[in-house]
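The values are calculated or read from the model by the stated rules, or taken from the named source; none is laboratory data. Since the model is a prediction, treat every value here as computed from it, not as a measurement. Reconstructed Cβ throughout: ideal geometry from the backbone, glycine too, with neighbour counts over all protein chains shown. To get the accessible areas, we keep the full protein, side chains included, count just its heavy atoms, and leave off ligands, DNA and RNA. Shrake-Rupley method; radii C 1.70, N 1.55, O 1.52, S 1.80 Å.
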Amino acid sequence: MKAKLEIKVAQTAGFCFGVHRAVNLAKEAPEKFPGQQIHTLGPIIHNPQVVIQLAALGVRQADSLDQISQGVVIIRSHGITRQLARKLEQRPDLTVIDATCPFVRRAQEIVAKMSAADYQVVIIGEPDHPEVAGLISYGEPQRTQVISRKADIPAAFFTKGKTPRIALLAQTTQSQKLYNRISLALLPLKGELRCFNTICTATSDRQSEALELAGSCDCMLIIGGRNSANTNRLHELCKEKQNASYHIETAADIQNRWFADKQTVGISAGASTPKWLIDEVLAQLQQLC
Ligand code: SF4
């Protein structure tokens, strides 16, 4: 290990506004509703360490509504499907705390509005991601689809004589680059294209800063849950620019050999990574130095 290792931490590393809000609502719940069972529907955020911390406070994770017999239900920042929201409405015995991020809510409203106006809704995102599952559910099933790359754009959109009406939007944590690439590819279609840039600036700001760091440091650490889509994307983007980029969940994942011939290490973290996990990584790196 080198004696001098310069550490640069991204200002945007860690909790975004929506995650901060959701975690705070969950942390406050035991005090607001003493003696009641409190559950989140799915993990409140994609960070296992935060989920464990909340469980210690009495906020537990349920995987479905059927597992909750009473008490308080917290809807996570990714939001839920329209079908699940309706089921919740039929359970007046439960108190609902809606921690859906307002930016995700806006994207859900766009899907509902454009779908009702007979547009073909195209969502750029990961089909299995809970936020995307929620977004799709607000559209007309026959006219709402998810694509993950430019090659997924249906050829039928460009069929001669056809004039499709398309509303394009994205999962809030998608990369701006991919959104631009797909919207440009759709521009030549003969019809109507309405683009809604639903990518949250918290994500794009974090990506830009991490990329800048990856370009100026000779090693990058990206901290965050392995199940966190935005952390994985941050790592992928940094890896394209700086091959020595590593995704870690906690300080325990750090391997000394990564820094053997390095002088600067950049640090960024996903939107669902708490500050205390970043601080632990910093403390470990400083110890190594
Ligand atoms: S990344 Fe953006 S959209 Fe997603 S929870 Fe955070 S603030 Fe909301």
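What the table below lists for this structure:
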quantity	calculated
Rounded accessible area per residue of region 1-61, 1.4 Å, Å²	53
Cα-based shape type of region 103-195, given that a ≥ b ≥ c are square roots of the gyration tensor eigenvalues and the cut on a/c is 1.5	oblate
Percentage relative contact order, the chain, counting C-alpha pairs under 8 Å, at least six apart	23
R0 of 25 Å, Cβ-Cβ distance Leu65-Glu140: FRET efficiency to nearest 0.05	0.55
Prolate/oblate/rounded label for region 122-264 (Cα gyration tensor, a/c 1.5)	prolate
Portion, in percent, of the accessible area of region 45-197 that falls on carbon or sulfur, probe 1.4 Å	52
Proximal lysines relative to Lys150, as straight alpha-carbon distance under 23 Å, when same-chain residues fewer than 8 apart are discounted	Lys160, Lys162, Lys177, Lys190, Lys239, Lys241
Residue among Gln120, Gln145, Gln11 with the largest mean-square fluctuation in a Gaussian network model of the chain, springs linking Cα atoms under 10 Å	Gln11
Cα gyration tensor category, rounded, prolate or oblate, for region 17-101 with a/c compared to 1.5	oblate
GNM top mover of Ile199, Ile44, Ile97 - the chain, alpha-carbon springs below 10 Å	Ile97
Region 157-215: trypsin sites (Lys or Arg not before Pro) in DSSP loop, at most 16 other beta carbons within 10 Å	Lys160, Lys162, Lys190
For the chain, convex hull of alpha carbons as volume per residue, Å³	125
Accessible solvent surface per residue of region 196-241, calculated while the other protein chains remain in place, 1.4 angstrom probe, Å²	38
Charge dipole (debye, nearest 20) of region 179-286; +1 at Cβ of Lys and Arg, -1 at Cβ of Asp and Glu	400
Residue among Gly125, Ser137, Ile166 farthest towards the positive dipole end of region 103-195, charges placed on Cβ	Ile166
MRE, 222 nm, helices only [DSSP H, n ≥ 4, -39500 (n - 2.57), over the chain, to nearest 500]	-12000 deg cm²/dmol
Whole-number D in µm²/s for region 188-289 (Stokes-Einstein; Kirkwood sum over Cα pairs; 37 °C, 0.692 mPa s)	225
Length released on extending from Gln37 to Glu236, taking residue separation times 0.36 nm less the Cα-Cα span	67.7 nm
